[in-house]
Structures are given as structure tokens and as C-alpha cells.
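So the structure is just underneath, and the comments pick up after that.
Values in this text are rule-based calculations from the coordinates and carry no lab data. This structure is a prediction, so every number in the text was calculated from the model and none was measured. Every residue, glycine as well, gets a Cβ built from its backbone with ideal geometry; the counts of neighbours run over all protein chains shown.
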Amino acid sequence: MVAVLAGGTGGAKLARGMLDVVGGDELAVIANTGDDVEVYGAHVSPDPDLIAYALAAVLDERGYGISDDTWAVMDGLAWAGRDTWFRLGDRDLALCLMRTELLHAGLRLTEAHAKVVAGLGLSARVLPMTDEPVRTHVRARGRWRAFQEFMIVDGAAGPVEEVELRGVEAARPTPEVLEALAAAEAIVIGPSNPVISIGPILAVPGMRDALAEARAPIVAVSPFVGGRAVKGPTEAFCAHAGIAPSAQGVADAYADVIDGLVADEPVAGLPALELDTLMDTPEARERVAAATLDLARSLAAR
């Protein structure tokens, strides 16, 4: 049993590699929901969805959405004069509407998203970090913006001045998340943005306690390859948080959580495995996933 904490494309790639190594029945991915947004009457969960799409091998090459999707609804909304700054393909929107209908019927977010995952034919679990609403807001250039508006409308234009996780104080890990962490033989923190992807997961009250109590070793994979983030505003958010854009910076940021680190450069202060962590092919994803599990097993044997 492997539990992966993830958000964004890096975490999704590693989760897909884990699926290929251990199989869906042995995999649970705990996904960031700080990016969630309500738009077009639908509850959209970008990170849980892109992880599910990656596991189902339907993730678009953009790193979000469904490959070969159509855009009739967005075209229709634009034709009717609606601002379509947040674009959802037709099949993507259909799954979001299904989740929204289930939420309105009284299901928890975990239960509603499980229906989306099942609809994609997956046996792996993709678990929202919490059922309570947590929303990431970013202040840049003196103005607060909801995360998706900052990313899409503002083009992630920084510098990032402040990050708030609104609602996190009232959030709790779900029973499914707690069960996955307790049962795991390895817990992996994916190569996701430490501030806006992994940060919200760790900020949920009770999450760090659950990780500390877990019997499994906890291994992180650095999101930096060759000293740079592969995609997205990871460096800008790390600069705001005082995290050096390096494997050592990640190791220091997670020092109170992890037992080991996988990176493409040496680190000090904890057990580490050095290898090429660029996951640009299915073979590379599987190789990094397998090596990460090997490090976890070696730590468990100590």
C-alpha cells in the first residue's frame, strides 16, 4: 500500500508511475483541494481531477483537462457573451457537473470525487485532502486574488507577497485519508509545489499528526530538476516562502515531516537517493517511482 501526497503535474506524473509499479489496488493519492473553484455552476477540483486523468491516461498534454476534448459549451458561453476565462472542455465539465450534482445530493467531496474516479475506470483512490472547503488566495502587486484568477487571469504575475489558505482552520483530514496513511507501507510526497500544492495538505489540522503517527517511512521527491522547476510558478512561491530552489531547500522545508529525499543533486542531513528525476516519458515515471519505493523500503528496514 502506497500513499502519495500530490498536486499539479509533477505529483500527477509520479502518481502515474506509482500506478504502473504497484497497481491501482495498492495506491491512494491524497490530493490538494486548495485550488478548487466554483464556476459555470460546477464544483471544479483541478488537482484531484488532473491526478485522476493522469492515472487514467487521458490527461491532456497541457497538464490539465482531458486529451482530445471538445469545446462546444465554452464556445456557446462565449457566443452568449459570458466571460470564459476558466476554460473547461466538454467531457471535463461533464465530470465536474456530475460531482456537483452529487455534492448537492448530500455526498461528501470525497464520496462525490470517488464517483468521478470510478467513472474513469480506476481502482486507485484519489482522495481530497479534506471534505471542508479550503481556498488558496494569493496577494501579488498589492491585490488579493483567488488562486485560479491569479494563475489564469493575472498570468501568475508576481512577485508573490502573501498566501492565505482560507477555511483551513475548520478543515480536518477525512477518514479515508487517515486510513490510507495508517495503512501505507510507504508515504511519498510528490514533486509538487511545496507552497501551494503540498503546503495546503500539510496545513490541514491533524494532517501532520497523522503523518507523524504513520508506521511507514515518508519520502519526498524534489520538484527541482537541474536546479529549476519543470513547470509552473514553483520558484516564485518558494522565493516568497524562503525555500531555496534546490533539493536542499526542499529537504529543509520538509525537515520535520520526511525521512528521506529523492533528487538529482546531493543533499545533507537525511538519507537521500540521487538520480535523474525528470519524468518526461512513461519509462522515466516508472523508474523514479520504483527508485522512490526502494528508498522507502531501505528506510523501513533500518
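Residue exposure proxy: Ser222, Ser246, Ser298, Ser197, ordered by other Cβ atoms within 10 angstrom of their Cβ from fewest to most, comes out as Ser298, Ser246, Ser222, Ser197. For region 112-247, the spherically averaged projection of the C-alpha convex hull amounts to 9.5 nm².
Within region 27-111, the chymotrypsin sites (Phe, Trp or Tyr not before Pro) that combine a DSSP coil assignment with at most 11 other C-beta atoms in a 10 angstrom radius are Trp85. Normalised size of region 45-116, defined as Cα radius of gyration per 2.2 N^0.38 Å with N residues, equals 1.16.
Using θ = phi - 60° in the Karplus curve 6.51 cos²θ - 1.76 cosθ + 1.60, the 3J(HN,Hα) couplings for region 97-106 round to 5, 4, 4, 5, 4, 5, 5, 5, 7, x Hz; x is entered for Gly and Pro.
How much of the DSSP beta bridge set in the chain is antiparallel, as a percent to the nearest 5?
45 percent
The distance separating the Cα centre of region 50-67 from that of region 204-282 comes to 23 Å. Per-residue Cβ neighbour counts within 10 Å put Lys13, Lys231 in the sequence Lys231, Lys13, beginning with the fewest. In order along region 219-228, the Karplus-derived 3J(HN,Hα) couplings, from 6.51 cos²θ - 1.76 cosθ + 1.60 at θ = phi - 60°, round to 10, 9, 10, 5, x, 9, 10, x, x, 9 Hz, and Gly and Pro are given as x. For Ile30, nonlocal amide neighbours, meaning residues 5 or more places apart or on other chains whose placed amide H falls under 5 Å from its own, are Val4, Leu5, Ala6, Leu127.
Restricting region 37-118 to trypsin sites (Lys or Arg not before Pro) that sit in a DSSP loop and have at most 14 other Cβ atoms within 10 Å of their own Cβ leaves Arg62, Arg82.
Relative contact order of the chain: 20 percent, from C-alpha pairs under 8 Å at least 6 residues apart in sequence.
Pairs of Cα atoms nearer than 8 Å and 6+ residues apart set the relative contact order; for region 136-262 it is 23 percent. Counted over all Cα-Cα pairs of region 225-289, pairs farther apart than 18 Å make up 40 percent.
In a simple Cβ point-charge model (Lys, Arg +1; Asp, Glu -1; nothing else charged), the chain has a dipole of about 300 debye relative to its Cα centre.
Per DSSP helix of 4 or more residues, -39500 (n - 2.57); summed, then divided by the residues of the chain. What does that give at 222 nm, rounded to the nearest 500?
Here the helix-only value at 222 nm equals -11500 deg cm²/dmol.
Close amide H partners of Ile66, meaning residues 5 or more places away or on another chain with modelled amide H under 5 Å apart, are Asp60, Gly89, Asp92.
Listed values for region 146-158 are Karplus-derived 3J(HN,Hα) couplings in whole Hz (6.51 cos²θ - 1.76 cosθ + 1.60, θ = phi - 60°), namely 4, 4, 5, 5, 4, 6, 8, 6, 8, x, 6, 6, x, and x replaces Gly and Pro. Annotation: amide H-H contacts under 5 Å for Val39 (H modelled 1.01 Å from N, sequence separation of 5 or more, or interchain): Val44.
For region 163-218, trypsin sites (Lys or Arg not before Pro) meeting the loop criterion (DSSP other than H, G, I, E, B) and having at most 12 other Cβ atoms within 10 Å: Arg215. Pairwise Cα distances in the chain exceed 37 Å for 9 percent of all pairs.
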